[in-house]
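The values are calculated or read from the model by the stated rules, or taken from the named source; none is laboratory data. From a predicted model like this one, the values you see are computed outputs, not experimental measurements. Note that each Cβ is placed from the backbone with ideal geometry, even for glycine, and that neighbours are counted across all protein chains shown. Areas reflect the complete protein model, heavy atoms only, side chains present, ligands, DNA and RNA absent. Shrake-Rupley method; radii C 1.70, N 1.55, O 1.52, S 1.80 Å.
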Protein chains: 2
Amino acid sequence: MKSVSIIDIIEKKIFKKKLVEINGWVRTKRNSKLGISFVDVYDGSCLQHIQVIAKKDLSNYKSDILRLTSGCSVKIFGVLKKSLKNSKIYELHATCIKVLGWIKDPGKYPISSKPHTLEYLRSFSHLRPRTNIIGSVSRIRNIIFQEVHNFLNKKGFIWVPSPIITSLNTEGSGEMFKVSTFDFKKIPLNKNKLINYRKDFFGKRTFLTVSGQLHIESYACSLSKVYTFGPTFRAENSNTSRHLAEFWMVEIEIAFAKLNDIILLAYNLLSNIFKKVLNKCLNDLIFLEKKLNINIIKKLKNFIEKKLIEVEYCEAIRILKNCEKNFRIQLKWGMDLSSEHERYLSDLYYKSHIVIKNYPKEIKAFYMRLNKDKKTVAAADILLPGIGEIIGGSEREDRLEYLDSMIKEKRLIHKNYEWYRDLRKYGTVPHSGFGLGIERLISYVTGLKNIRDVIPFPRSSKNASF
Amino acid sequence: MKSVSIIDIIEKKIFKKKLVEINGWVRTKRNSKLGISFVDVYDGSCLQHIQVIAKKDLSNYKSDILRLTSGCSVKIFGVLKKSLKNSKIYELHATCIKVLGWIKDPGKYPISSKPHTLEYLRSFSHLRPRTNIIGSVSRIRNIIFQEVHNFLNKKGFIWVPSPIITSLNTEGSGEMFKVSTFDFKKIPLNKNKLINYRKDFFGKRTFLTVSGQLHIESYACSLSKVYTFGPTFRAENSNTSRHLAEFWMVEIEIAFAKLNDIILLAYNLLSNIFKKVLNKCLNDLIFLEKKLNINIIKKLKNFIEKKLIEVEYCEAIRILKNCEKNFRIQLKWGMDLSSEHERYLSDLYYKSHIVIKNYPKEIKAFYMRLNKDKKTVAAADILLPGIGEIIGGSEREDRLEYLDSMIKEKRLIHKNYEWYRDLRKYGTVPHSGFGLGIERLISYVTGLKNIRDVIPFPRSSKNASF
């Protein structure tokens with residue numbers, strides 16, 4: 001007999017009164033005085049458990065069933081019957097329960113059935129998916145991930161794996177991780193006492209990528225609609241609840257697209273993700289709402305129902321200058337918005353998701369397309385209330401002479417960008433793209449404020465455990 | 001007016017005689033003496049181009065159209081009409097052609113319309129997707145990637161991002177890349193003149209992952225069916241056509257599953273991928289068959305129609321010992337099969353895809369489950385004719401005492417595996433999984449023998465260009 005998933009029982013894909021086999025773990029157990037034990041079993045396929053009715057006539061009732069504790073793994077054969085209390089729910093009346101794995105020393109089991117804080121659970125990254133909360137996050141993350149691929153694939157986008165190990169620093173800034181096979185005790189030097197990178201694995205200095213954008217631009221400039229979705233890295237010592245050293249990012253690049261095209265696509269992408277999560281993970285969302293005492297469902301529906309408000313950077317500066325709030329940093333035109341400014345605009349002023357467009361060229365990356373005013377670039381950041389920037393995108397500079405002057409202006413090493421310049425030398429096309437940090441999005445959707453709770457094994461300064 | 005993709009015209013999603021806009025690149029151009037130019041335009045959405053008919057009455061016919069060369073980018077407005085030669089094909093009769101980007105110095109354009117070798121194209125990773133062959137590979141790779149996710153998601157698997165940066169060496173062997181933010185000129189030492197890793201970014205030695213298996217086992221032991229799909233790394237100096245320093249791998253882990261369950265799942269996964277590629281990329285496959293003069297379609301159909309042949313390791317050894325072929329390495333029980341042995345079995349002896357089961361424990365990883373004979377482990381390798389091993393999997397040792405003795409036997413550092421041992425201490429379950437290298441699979445499907453041609457920006461010893 002093939003075992004069934006608990007979600008198939010919950011969603012009534014399994015006929016009642018049929019003998020079934022389930023496999024899972026004990027969430028809780030209660031023994032009645034009448035010689036019946038009620039064992040709640042989960043298998044991770046959904047938030048819900050199934051209640052197993054184990055009677056004393058089971059041969060191992062005393063030896064095993066009475067000894068079961070939270071976390072034990074079990075294989076159960078039984079018959080599904082409607083619950084007497086709630087006819088919409090099935091219970092499993094066990095004919096045989098086999099204990100597959102006990103909990104050694106249950107008193108010391110780190111994930112006992114009592115409540116634990118998220119902070120405590122972070123020390124047990126390998127066991128925390130056994131909790132309801134991390135289980136819910138895992139299922140929501142999966143649906144978000146799948147919907148990114150489905151949405152883009154239906155629209156004709158081609159997934160392109162951009163390289164993780166790179167000899168290029170995309171942004172021309174930001175601390176990067178070095179990748180090497182050098183023996184750190186014997187770093188080879190050349191005649192001039194400089195490090196001899198020729199002797200390293202790749203024969204040159206290499207890093208972990210901070211973005212796959214430049215690489216996939218080359219594919220957009222031949223396949224038209226492409227995206228990369230993989231891990232990216234920042235070696236910043238920011239030990240905040242918003243930063244990770246390793247995080248996943250989807251980056252989208254579209255030939256022949258302008259700024260408004262990508263803003264629309266980005267909005268539709270987020271909207272479709274939220275719809276899918278509401279559709280597929282409603283129980284998980286309801287659980288998180290109760291657990292964290294927050295409003296998620298209304299927030300997601302609000303995004304779907306309400307268009308993005310478009311705000312020019314100039315207008316944003318005007319609003320921030322004229323408001324009565326005292327910011328830590330006094331703003332003027334040409335300065336980047338800090339998160340307190342962004343939060344004021346989306347959380348207080350507009351009370352909505354917004355997109356800020358056309359930033360001064362000085363505060364944006366070299367590859368962004370210069371506008372006709374020669375002062376601003378065609379860039380757009382999408383902000384969500386309560387979380388700030390979630391998406392950053394731009395038109396890319398497709399004119400070789402403008403690109404060259406920006407490479408010079410930003411003091412980048414010209415020869416590193418020869419291949420990137422080729423895309424403009426040979427059949428250049430207008431193109432635009434954006435990036436979306438997945439963990440920040442999961443954090444927004446689940447309401448879990450600390451980003452370390454939404455990635456299975458978080459990496460940050462002084463932390464690469466497991 | 002919104003532009004349309006060429007695939008939508010080819011697949012007849014666009015009504016004929018409707019005025020349409022397309023954007024793309026010139027593949028080839030031919031001028032007739034009658035003042036008509038035939039411009040073949042592609043946009044990467046499919047292998048096929050569309051033929052654009054440009055007549056001399058276009059205002060920029062002389063100034064632009066006659067000057068067009070292969071690779072120029074164009075925006076074209078026109079009317080779709082059935083070809084006079086073949087009524088199944090639409091041509092675009094241009095009413096307006098705008099040249100978006102010229103080719104600077106066409107004589108020096110690296111991707112001119114003449115044929116290029118794959119080896120030559122490898123020097124132009126950023127431009128080679130403009131060729132038909134790399135375009136086809138890109139579309140096939142995308143379909144393979146999407147089908148992995150679709151297939152697994154439909155079966156209830158949850159995607160879990162395993163960490164890229166790790167402090168653990170999964171296999172207990174194999175050269176790994178170091179990840180560090182140390183200044184290589186000033187590696188900090190402690191009092192004992194040893195490298196002071198506490199001062200490194202993560203406060204310990206860290207590497208790029210070689211496998212996410214151990215990490216996702218922890219999720220399988222709570223969510224039941226999980227997989228990871230991301231980049232993995234090997235710092236091996238193997239400069240062969242089969243090895244990459246950075247490659248993508250899907251790793252699947254299933255609680256309560258035995259060896260035969262994962263063999264069946266692996267076969268079904270491959271089978272579904274091949275079906276989807278045949279369905280979605282038939283034109284690309286036909287093109288590759290002609291271009292490379294090989295048989296792909298028959299090969300893929302053969303796999304779908306014919307079950308895996310199961311071979312015990314013992315039987316494989318017996319066959320290899322008794323065959324008349326002289327191998328470089330003389331085999332005996334207990335030795336690992338080299339690729340020449342594997343090729344003999346799949347290509348010559350069975351002439352089929354096969355799975356070899358139950359290998360001696362000495363040649364397999366510490367985490368594989370010991371069989372009752374105490375000599376072999378429940379491991380399985382799937383081999384494909386012409387390419388060798390494509391999938392490796394096993395039951396995982398779920399018994400703590402057996403796991404501990406293997407950690408000792410393989411001389412691994414016990415304390416590194418404390419968290420992994422916890423999975424056996426607390427509610428352990430039988431579980432099994434396998435890994436599939438995606439580039440090797442793409443190589444099999446496309447018939448491109450050199451693995452550097454199936455990943456956009458290949459990384460290998462002394463090569464991290466772009």
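If the only charges are +1 at each Lys and Arg Cβ and -1 at each Asp and Glu Cβ, what is the size of the charge dipole of segment B:6-114 around the Cα centre, to the nearest 20 debye?
Charge dipole, segment B:6-114, about its Cα centre: 360 debye, nearest 20.
Got a sec? Which residues of segment A:143-166 lose 30 Å² or more of accessible surface with every protein chain in place, vs. that chain alone, 1.4 Å probe?
A:145, A:146, A:149, A:153, A:158, A:159, A:161, A:163, A:164, A:165
Taking the label point 7 Å from Cα in the Cβ direction, how far apart in nm is residue B:279 from each other copy of itself, listed shortest first?
1.9
Around residue B:143, under 10 Å between beta carbons, what's the net of Lys plus Arg minus Asp minus Glu among the other residues?
+2
Sort shortest first the distances from residue A:339 to its counterpart in every other copy, using label points 7 Å along the Cα-to-beta-carbon line, and give them in nm.
4.9
Need the list of lysines near residue A:357 for cross-linking: C-alpha distance under 22 angstrom, and skip anything on the same chain fewer than eight residues off.
Output for residue A:357: A:258, A:306, A:307, A:321, A:332, A:372, A:374, A:375, A:410.
Angle check, please: helix A:259-280 long axis (alpha carbons) against the longest principal axis of chain A (alpha carbons), in degrees 0 to 90, nearest 10.
Helix A:259-280 sits roughly 0 degrees off the main axis of chain A.
Using only the alpha-carbon atoms, how far is helix A:313-322 inclined from the longest principal axis of chain A? Give it as 0 to 90 degrees, nearest 10.
Approximately 80 degrees, to the nearest ten.
Once you place label points 7 Å from the Cα toward the Cβ at residue A:326 and residue B:338, how far apart are they in nm?
7.8
Of the options A:447, B:3, A:352, report the single residue whose Cα projects farthest towards the positive end of the charge dipole of the protein assembly as shown (beta-carbon charges: Lys, Arg +1; Asp, Glu -1).
Of A:447, B:3, A:352, it is B:3.
Work out how far the C-alpha atoms of the protein assembly as shown reach from end to end along every principal axis, then list the three figures in whole Å, largest first.
The principal-axis extents, from largest down, are 93, 87, 68 Å.
Run through all the Cα pairs of chain B and give the fraction in each 20 Å bin from 0, expressed as whole percent.
Result returned by the calculation: 20, 45, 26, 8, 0.
Counting DSSP beta bridges with both partners in the protein assembly as shown, what percentage is antiparallel, nearest 5?
Antiparallel bridges make up about 90 percent of those DSSP assigns within the protein assembly as shown.
Which percent of the accessible heavy-atom area of the protein assembly as shown goes to carbon and sulfur, probe 1.4 angstrom?
On the protein assembly as shown, the fraction of accessible area on carbon and sulfur atoms equals 50 percent.
Projected onto the charge dipole of chain B (+1 at Lys/Arg Cβ, -1 at Asp/Glu Cβ, origin at the Cα centre), which of B:157, B:457, B:38 gives the Cα projection farthest towards the positive end?
Projecting each Cα onto the dipole axis, the largest value belongs to B:38.
When you have a sec, figure out the Kirkwood radius of segment A:6-114 from all distinct Cα pair distances and drop it here in Å to one decimal?
Its Kirkwood hydrodynamic radius stands at 14.1 Å.
Please identify the chymotrypsin sites (Phe, Trp or Tyr not before Pro) of segment B:9-64 that satisfy two criteria: DSSP loop assignment and at most 15 other Cβ atoms within 10 Å. Which are they?
Filter output for segment B:9-64: B:15.
For chain B, with only Lys/Arg (+1) and Asp/Glu (-1) charged at the beta-carbon, what is the dipole magnitude about the Cα centre, in debye rounded to 20?
Charge dipole, chain B, about its Cα centre: 1680 debye, nearest 20.
If you take the accessible area of B alone plus A alone and subtract the pair, what total do you get in square angstrom, rounded to 100, with a 1.4 Å probe?
The summed interface area works out to 9000 Å².
For residue B:192, go 7 angstrom from Cα along the Cα-to-Cβ vector, then report the distances to that same point in the other copies in nm, smallest first.
Result, one decimal in nm: 3.9.
Cα axis of helix B:282-292 to longest principal axis of chain B: angle in degrees, 0 to 90, nearest 10?
The two axes meet at around 90 degrees.
Taking only protein heavy atoms and a 1.4 Å probe, what accessible area per residue, in Å², does chain B have with all protein chains in place?
Result: 43 Å² per residue.
Using alpha carbons only, how many angstrom separate the centre of segment A:394-430 from the centre of segment A:175-214?
Cα centres, segment A:394-430 to segment A:175-214: 26 Å.
So how strong a dipole does the protein assembly as shown carry about its Cα centre when Lys and Arg Cβ are +1 and Asp and Glu Cβ are -1, to the nearest 20 debye?
Dipole about the Cα centre, nearest 20: 560 debye.
Rounded to the nearest 5, what is the percent of antiparallel bridges among the DSSP beta bridges in chain B?
Once the DSSP bridges in chain B are tallied, antiparallel ones form about 90 percent.
I want the local charge near residue B:348. Using Cβ-Cβ distances under 13 Å, sum +1 for each Lys or Arg and -1 for each Asp or Glu among the other residues.
-1
Got a sec? Charge dipole of segment A:246-308, +1 on Cβ for Lys and Arg, -1 for Asp and Glu; which of A:281, A:252, A:263 is way out at the positive end?
The listed residue farthest towards the positive side: A:281.
Could you grab the relative contact order for segment A:6-114? Cα pairs under 8 Å, six or more apart, rounded to a whole percent.
After rounding, I find 28 percent.
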